[in-house]
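Participant: Supplied in structure tokens, the structure appears directly below.
The values are calculated or read from the model by the stated rules, or taken from the named source; none is laboratory data. From a predicted model like this one, the values you see are computed outputs, not experimental measurements. Heads up, the Cβs are rebuilt from the backbone with ideal geometry, glycines too, and the neighbour counts pull from every protein chain shown. All accessible areas refer to the heavy atoms of the entire protein, side chains included, with ligands and DNA or RNA removed. Shrake-Rupley method; radii C 1.70, N 1.55, O 1.52, S 1.80 Å.
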Amino acid sequence: MYKAGEEEIEAIARVIRAGTLFRYRDGSECERFEARYAKALGVPHFDLSASGTLALSAGLIGLGIGPGNEVLVPAHTYMATATAVLAVGAIPVLVEIDETLTIDPSAMEHAIGPATRAVTPVHMWGTACAMDEIVEIAERHGLLVLEDACQGVGGGYEGRMMGAIGHAGAFSFNYFKNMTSGEGGGIATRDDHVAERARCAIDPCHFYWQGQDEGLKPFAGAGARASELMGAMLNVQLDRIDGIIGAMRQNRRRVLDATKGLSNRGLRQAPMNSPDYDCAAQLMFSLPTATDADAFAASTGGVVAGKTGRHTFTNWDQVLTQEGAHHRSLNPYTLPENAQTRRDLPEGFGTTSLDILGRTVMIPMDPDHGEEDLEALAHNIELAATEIADGALRAGQAYRDLKSPDLQKFDAQSDA
Ligand SMILES: Cc1ncc(COP(=O)(O)O)c(C=O)c1O
């Protein structure tokens, strides 16, 4: 969702002209963003990092996850959710998704074992996880909750912000996200100790500048400090985010209303856990079969609708081949501490998730969709449903072109 203009250019230029690219200084852009974003999320701590991947592992480190622990990860997410678990020495245990394309709470409860210590619900495609159920299950089983809100920037769940509901929440600001600085990320938490540990993971030297918590013994960390260019751009992007999300919610509601009647032609709106609060970055339909979903995507030339194939466990080579680290002595899959964890996928795992993903089509929303685009979208969706049901278009029927160039980006969006 790349929306940037002269304000961002000016903010970055200001930092370059002043020659103040290092974050630890008075008037820091990073510090200003961290304070503003923490306030927007309703948490006391938000710490920037160089990526969402590092934010996830900093969150896990903050929560004290390591060798001997299992972390529940949905079968459908960008692979960093799983590889971040390996990066801290723990084992990702995969869990099926449901038709919302987020972790299935009952499958999650089923997957809990004696070594399970945490769960990472992923607000995939900006749609909300069933956080009330997830938190209730986690509390009953004594699990920690690290929300992966990398795709949920600016979105919420029933009045609370994504990433601010669990014990910690990780965010990404890479090019494809709702707010971007090209690359970047950060971690939110209410807990002082978790925040201090996460800061140490992000920058093992941070206490030189930020002071040291008496209770924390510093440990070695990867080092993924944010730059002032990132902070400057994000401060401008933060001013845009509510407008972007608000427009997408309104646009999605319009198209959903206009296509409500299509279930008799096999096109069912996919369920959502928090339709009034999530990011509304995608409009999703569930079709009866994968063949129908393929036909739906093809019938619109892939321009209006797409299917995601890449964010699924079947593509996570490092996890499937158990290459959990760069060095075999550090590989969580062979660490003695992980001997009691479940390292292999159960027989038949993934059938449900793959079936759901095969039948689901997604239509990206754009805050800049105007009246004409919204009408064309609804028209094209109806036509595609008719084409699949009837086997062909009728004479005189034709798809309409959309103006928004973002709709062409579906494949690229699927990549990150
Ligand atoms: C769900 C999810 N988790 C984690 C990440 C990792 O973020 P980054 O690309 O900033 O490292 C991404 C971003 O692509 C993501 O979409």
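Participant: Size of the dipole of the stretch 6-236 about the Cα centre, Lys and Arg at +1 and Asp and Glu at -1 on the beta carbon, nothing else charged, in debye to 20?
Facilitator: On the way: 16 positive and 30 negative charges, 146 e Å.
Using only the charged Cβ atoms, the result is roughly 700 debye.
Participant: Also: Quick one: work out Rg over Rh on the C-alpha atoms of the chain, Rh as Kirkwood radius.
Facilitator: Answer for the chain: 0.99.
Participant: Another question, then. For the chain, what does -39500 (n - 2.57) per DSSP helix run (n ≥ 4), summed and divided by total residues, give at 222 nm, in deg cm²/dmol to the nearest 500? Walk me through the numbers before you get to the answer.
Facilitator: Values: 14 runs with 158 residues, N = 416.
Helix-only estimate at 222 nm: -11500 deg cm²/dmol.
Participant: Ranking request for peptides 320-333, 42-55: highest mean number of other beta-carbon atoms within 10 Å first, then the rest in descending order. If you can, show how the numbers build up before the last one.
Facilitator: Values: 320-333: 13.7, 42-55: 23.9.
Top to bottom by mean Cβ count within 10 Å: 42-55, 320-333.
Participant: To the nearest 0.05, how large is the calculated FRET efficiency for ASP242 and LEU216 if R₀ is 30 Å and r is the Cβ-Cβ distance?
Facilitator: 0.30
Participant: Of the accessible area of the stretch 1-154, with the probe set at 1.4 angstrom, what percent is carbon plus sulfur? Intermediate results must be reported in sequence, preceding the final value.
Facilitator: Numbers: 2780 of 5110 Å².
C and S fraction of accessible area: 54 percent.
Participant: Here is a follow-up. Lysine pairs in the chain with Cα distance under 14 Å, only those 8 or more apart or on different chains: how many are there?
Facilitator: Pairs that pass both the separation and distance tests number 4.
Participant: To continue, here is another question. How far is it, in nm, from the label point at GLN269 to the one at ASP355 when both lie 7 Å from their Cα along the line to the Cβ?
Facilitator: That separation, rounded to one decimal, is 2.5 nm.
Participant: Net charge within 14 Å of LEU54 by Cβ-Cβ distance, Lys/Arg positive one each and Asp/Glu negative one each, not counting LEU54 itself?
Facilitator: -1
Participant: May I ask you to compute the full-extension gain from GLU337 to GLU372, defined as 0.36 nm times their residue separation minus their alpha-carbon distance, rounded to one decimal in nm?
Facilitator: Additional length available on full extension: 6.7 nm.
Participant: Right, next: Please give the Cα centre distance for the stretch 265-282 versus the stretch 1-26, rounded to the nearest Å.
Facilitator: Here the two parts' Cα centres lie 36 Å apart.
Participant: Enumerate the amide H contacts of VAL93 below 5 Å, restricted to partners 5 or more residues apart or on another chain; note that Pro and chain-start residues carry no placed amide H.
Facilitator: VAL71, LEU72, VAL73
Participant: In addition: Set Lys and Arg Cβ to +1 and Asp and Glu Cβ to -1, take the dipole of the stretch 182-329 about its Cα centre, and tell me which of ASN264, TRP316, GLY186 lies farthest positive.
Facilitator: ASN264
Participant: Considering only CYS129, GLY62, THR77, whose Cα is most displaced toward the positive end of the charge dipole of the stretch 49-132, charges sitting on Cβ of Lys, Arg (+1) and Asp, Glu (-1)?
Facilitator: GLY62
Participant: While we're on this one: Mind pulling the per residue volume of the convex hull built on the Cα atoms of the stretch 6-236? Å³ is fine.
Facilitator: That works out to 112 Å³ per residue.
Participant: By average Cβ neighbour count within 10 Å, what is the ranking of 68-77, 373-382 from highest down?
Facilitator: My ranking of the peptides, most packed first, is 68-77, 373-382.
Participant: If we sort 106-113, 223-230, 85-92, 14-21 on the protection proxy, mean other Cβ atoms within 10 Å, highest first, what's the order?
Facilitator: Per-residue mean Cβ counts within 10 Å order the peptides as 85-92, 223-230, 106-113, 14-21.
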